[in-house]
Structures are given as C-alpha cells and as structure tokens.
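Novice: Pasting a structure below so you can have a look.
The values are calculated or read from the model by the stated rules, or taken from the named source; none is laboratory data. Keep in mind that this is a model prediction, so the values were computed, not measured. Note that each Cβ is placed from the backbone with ideal geometry, even for glycine, and that neighbours are counted across all protein chains shown. Ligands, DNA and RNA are excluded from the accessible area calculation, which covers all protein heavy atoms including side chains. Shrake-Rupley method; radii C 1.70, N 1.55, O 1.52, S 1.80 Å.
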Amino acid sequence: MTEKPVYSGIICEFNPLHLGHRYLLEQAKRDSDGVLCVMSGNWVQRGEPAQISKFARARMAVSCGADLVAELPTPWACAGAERFAMGGVSLLHRLGCVDRLWFGSECGDAESLMKLARLLLSEEFRAALPRFLQTGMGFAAARQRAIAEIAGTETAALLESPNNILGVEYCKALVRLNSPIQPMTTQRIGSGHDCEEEIREGAILSASQLRERIRQNLSLTGLLPEPVAAILEEERRAGRAPADFRQLERAVLAKLRVMGREEMAALPDISEGLENRLYEASRCARSLEDLYERVKSKRYSHARIRRIVTAAFLNLPRESGTIPPYFRILAMNSRGRKILRVASKTAEIPVFSRPAAFFRDNGEAGTLFAQEQQWTDLYALSLPEPPACGWECRQKLCVLP
C-alpha cells in the first residue's frame, strides 16, 4: 500500500520574497513531500499594489523552494488579517490534501497561538470585548485588554507582535473550518517590521525595508535570494517593476471625489460612520498621504484606511463570499504536478491553471475572474511601462523543472 504523501501549505505575499521567507520554505520542506503557497495577487494587504507582479513573484517562489503557487484573490488579499487568513486557510483546507500550515511568528509556539485563537472565539471573550470598546479604545487595544482579563498578561502579550497576530488568525480559521490541518510555526528571524539598523550583506531584512530599497534603487547585493534578485532585475529591465501607487494617485483621488456618502458606506471595512470622515477628507485631500492622515484616528489605523481607499478605487464588493470559490495556479514544478494529481481527487472547489478554464464557468468563479482581469489592468498602470489590457490572460502558466 502506497503511503499517503504529506503536504505543507504557506500563506504569503512574498512582496518581495526575502531571506526569511526562504528559511520558512526550507523549514516547511524538511519533512514534507511538497510545499504549496497561497500567495496574494497584484493587490496586497497594505492596501496598495504589490511591488512586483504576481506572475513574477510566483516564479520567484518556485525558484526558491515552493512546488506549487496559487493565487489568493484580491477581495481576500486586500483585506484585514481575519479575512486574509480565512481566505488563504480555506483554499488550503478545501484542496483536501494539505496536512500542515507553516508560518513565521515572534513566539515560535504554535500550541500557544492555537490556545489564544480558541480564547478569541469563546463566548467569554465576546462578552468581555464590548466593555473595553465602550471606553473608546481601538479594537486592537480592547482585544488585548479583554484577553489579559481572561487569560493573563503573558497570553495577551502575544497580540503585541504582527506575525503572532496573523498566526492567531490562521489558527482561528482552522478552528472555524474544523480543519484537520496542523499549524506549524517557526520563530521569525531577521529585522522586525520597519526596523532601523545598519544594513550589511547577508542581513535578513523585513519586506518593508526591502521595498524601500527597491523603490530607491539601492543595492540589494546579498539581501535577496539569488533567483529573486535575478527575476527582479529582469522585471526592472522590462519596465514591469517596481509598481508604485503614486502613479495612480490622481486617479484614486478622482474616484473618491465622485463617490457619495452612501457609496462609501457600502465599502468593505466601513463602519461606525467612517464613511463621513472619508467623504469629507476626499473633498480636499491633495495626495493619498494627505487623505490617510485626515481620515485615520486612534480607532482607525493607517492600514485600514489604505485598504478602504483601494477598495473604493477597485470597486471591491463589500460582500464577496466568505471563502474564495476556486484554486487558481500561477506556477509549479514537477512536484507541483504530483500535488495536482492528488488534489484532482480530493479538492472541494474547482482547480484552474489556465484562464480559458474560467471562461467556461458561468458561476461565481467566472464572475470573480472577470473582475480579477480588471484589477490586473488597473495594477498595470502602477508599473513603469504599463502592459496593455488583457495581461491577465496573456500570461502563461509558469512551469519549472
């Protein structure tokens, strides 16, 4: 009897794929027969275009150890941590053959994060949270105070670190889906987010540090895996990188200026009259940064405002389903082909590898892919030399040995 293969999944942005990401891929591969990545498309959680296109980033991932890369559709990729995590985890869960979910965290303790996830889904937490929100606290602070009251400050302190927070959201999604996938975490290595320190060759920088160096065209020698550096240089020379949201700034502001309050109220993540702040700011803001500063407050984070503004620009639907309706492959290698053969027998959702397959789908999958084509056409305008419309369908599936 043939032993069942063991597959590991990673949910990622790889914006860009750095040395820390390569380490995570190596950890996931150690005792797996294959590694699948569910990766954000051309728009990311920061509420902006990915600095490098999803097509190039998928190729980078397979070049650095992933066996198969699938796309997390934009309505989940450009969303808060909870929805982002549910989108990625549900795709791995519904593929039906993934055994482990790997992610980086500051604590390096999957058991503690799963315990915290169950607390956050408990009736006790739901009862405690409103008492702190009513004092005027932002959600993150109120959540931490409620957990401290229930489980103590040591457990609550896990919510102070960004990768722990995302890891907890992955665990919450696993619990909600009653998924058999086992969470696995490795302690995050390298610089913290937005950390200021001397940069030397071989240093493991954060994605935000690397994006800034790419934007300024500074040296990346020894700071990226070699295949990533080579593909990035290729994309630069072709005029396809780096993407810059400032290229779209006037278009975004123009879109906001013609929207009414009711239209803004219907945007994803709008609540508690936030549409009024956005509407008033959009009447006079002269730049996106100016707009963000006018709208943000102690209660509404900069990142949340960016996502709302991007949702307005892209016409992202407020209600686009709880989980993505398809598993779309962007790149793979020979092991990825084997994973596909297994998934063809286990998947609960359609698995597509070529755009033509979507055109035969008259349901939710076909509708969402038609929107993805438009979102890619808008993304293209953020690039140094924008490709013509239709880039989504002209791009061939990347297959490496």
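Novice: Residues in the range 221-231 that are crowded, with 16+ Cβ neighbours inside 10 Å and either in contact with a helix residue (DSSP H, G or I) (Cβ under 6 Å, 6 or more places away or on another chain) or in a helix (DSSP H, G or I) (or both): how many?
Specialist: 5
Novice: Taking helices (runs of 4 or more DSSP H) that do not extend beyond the range 349-401, which have at least 2 residues that are modelled with pLDDT of 95 or more?
Specialist: Here the list reads 364-380, 391-394.
Novice: Can you list the strands (runs of 3 or more DSSP E) lying wholly within the range 1-111 that have 3 or more residues being within 14 Å of the chain's Cα centre (by Cα)?
Specialist: Ranges flagged: 7-12, 34-40, 68-72.
Novice: Scan the range 377-401 and report the pairs whose first residue is under 29 Å from residue 333 (Cβ atoms) and whose second residue is modelled with pLDDT under 95 and among the charged types (D, E, K, R), with Cβ atoms within less than 7 Å and a gap of 6+ or a chain change.
Specialist: Listed by first residue and then by second, the contacts come to 397/354.
Novice: Is it fair to say residue 329 is of a type in the set (Val, Ile, Thr), in a loop (DSSP other than H, G, I, E, B) and at pLDDT 95 or above? Show your work before the answer.
Specialist: Values: of a type in the set (Val, Ile, Thr): yes; in a loop (DSSP other than H, G, I, E, B): no; at pLDDT 95 or above: yes.
It is false that residue 329 is of a type in the set (Val, Ile, Thr), in a loop (DSSP other than H, G, I, E, B) and at pLDDT 95 or above.
Novice: Ok, one more. For residues that are aromatic (Phe, Trp, Tyr) and within 16 Å of residue 74 (Cβ to Cβ), scanning just the range 290-326, find the one that is least open to solvent (accessible area, probe 1.4 Å).
Specialist: Of the residues in the range 290-326, the ones aromatic (Phe, Trp, Tyr) are 292, 300, 313, 326.
Adding the requirement that they be within 16 Å of residue 74 (Cβ to Cβ) leaves 313, 326.
Working: 313: 25, 326: 2 Å².
Checking each candidate, the answer is 326.
Novice: Out of (1) surrounded by fewer than 24 Cβ atoms within 10 Å (Cβ to Cβ); (2) of a type outside the set (Val, Ile, Thr); (3) on the phi < 0 side of the Ramachandran plot, the odd one out for residue 96 is which?
Specialist: Unmet for residue 96, out of (1) surrounded by fewer than 24 Cβ atoms within 10 Å (Cβ to Cβ); (2) of a type outside the set (Val, Ile, Thr); (3) on the phi < 0 side of the Ramachandran plot: (3).
Novice: Under the condition of being open to solvent by less than 40 Å² (accessible area, probe 1.4 Å) and out of contact with any helix residue (DSSP H, G or I) (no Cβ under 6 Å at 6 or more places or on another chain), which residue from the range 122-136 is nearest to residue 168 (Cα to Cα)?
Specialist: 122
Novice: Among 216, 247, which is open to solvent by 50 Å² or more (accessible area, probe 1.4 Å) and touching a residue at least 12 places away in the same chain (Cβ under 8 Å)?
Specialist: Matching residue, one of 216, 247: 247.
Novice: Let me ask another. Residues to consider are 263, 289, 275, 280; find the one that is under 25 Å from residue 207 (Cβ atoms), assigned to a helix (DSSP H, G or I) and among the acidic types (Asp, Glu).
Specialist: Just one listed residue meets the conditions, 289.
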